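The values are calculated or read from the model by the stated rules, or taken from the named source; none is laboratory data. Predicted model, so just to flag it, every value in this text is computed and none were measured. Methodologically, a virtual Cβ is constructed for each residue, glycine included, from the backbone with ideal geometry; neighbour enumeration extends over all protein chains shown. Only protein heavy atoms, including side chains, enter the accessible area calculation; ligands, DNA and RNA are left aside. Shrake-Rupley method; radii C 1.70, N 1.55, O 1.52, S 1.80 Å.
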Amino acid sequence: QNAADLLKLAPGILLTNKGGDGHAEQVFLRGFDAREGQDIEFSVDGIPINEVGNPHGNGLADTHFVIPELVQKLRVVEGPFAPQQGNFAVAGSALYDLGLASTGLTARAMAGSFGTRRLLVLWRPQGASDHTFGGGEIFATDGFGQNRSAERATAMGGYEGALGATGTYRILATSYATHYAQAGVLRADDVASGRKGFYD
């Protein structure tokens, strides 16, 4: 359903999400509660995505902008032992490498439980490398409970070109918009009627 779900393929990882499909997943890696990325380094095509100074938590990483069908490889490093790891790699690192194996245009429409809908479009030109692609996704769900609906729209494009006789360079462009509801601890009608106080 999203790029975070791919982490479940690695041993020693457990994901939870108390906020619904619009909220970043909480990651447990080899016994560490890495929260929503605060203690696990995330990168996409070598670009760090942990948000420094996020008010929800320093290092929060929302991977929902990554279209899962464009993930060609995912490497999970357990532990902070590699010298190239960044500051948030307390429990380890998750390194996403993007690419599209099939050429031409692919379009899919999907539906699932809880009113989930998803539209996907992928494209790779003939003769281009796996790292030259375009993709778009629109996702919406009513959520698995009250006030857990979510919507997102994502666009991703990658280009790989030659640099001299033996080198290459890569460009990645992404755009991401999301809106979601998160369940609270009080019902709005309880507060409105006075059965519960605003600070109860």
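Tabulated data for the structure shown
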quantity	calculated
Subset tally (residues that are touching a residue at least 40 places away in the same chain (Cβ under 8 Å), hydroxyl-bearing (Ser, Thr, Tyr) and open to solvent by 30 Å² or more (accessible area, probe 1.4 Å)) for the stretch 12-60	0
Any hit, the stretch 135-146, residues being at pLDDT 95 or above, of a type in the set (Asp, Glu) and under 26 Å from the mean Cα position of the chain (by Cα)	yes
Within the stretch 143-158, tally of residues that are touching a Ser or Thr at 6+ places or on another chain (Cβ under 7 Å) and without any contact (Cβ under 8 Å) to a residue 40 or more places away in the chain	1
Of all residues in the stretch 96-136 being touching a helix residue (DSSP H, G or I) at 6+ places or on another chain (Cβ under 9 Å) and hydrophobic (A, V, I, L, M, F, W, C), the one that is nearest to GLN72 (Cα to Cα)	LEU98
From the options ALA150, ALA128, ALA162, residue that is open to solvent by 50 Å² or more (accessible area, probe 1.4 Å) and not aromatic (Phe, Trp, Tyr)	ALA162
Residues (open to solvent by 80 Å² or more (accessible area, probe 1.4 Å) and of a type in the set (A, V, I, L, M)) located in the stretch 165-187	ALA165, ILE171, VAL185
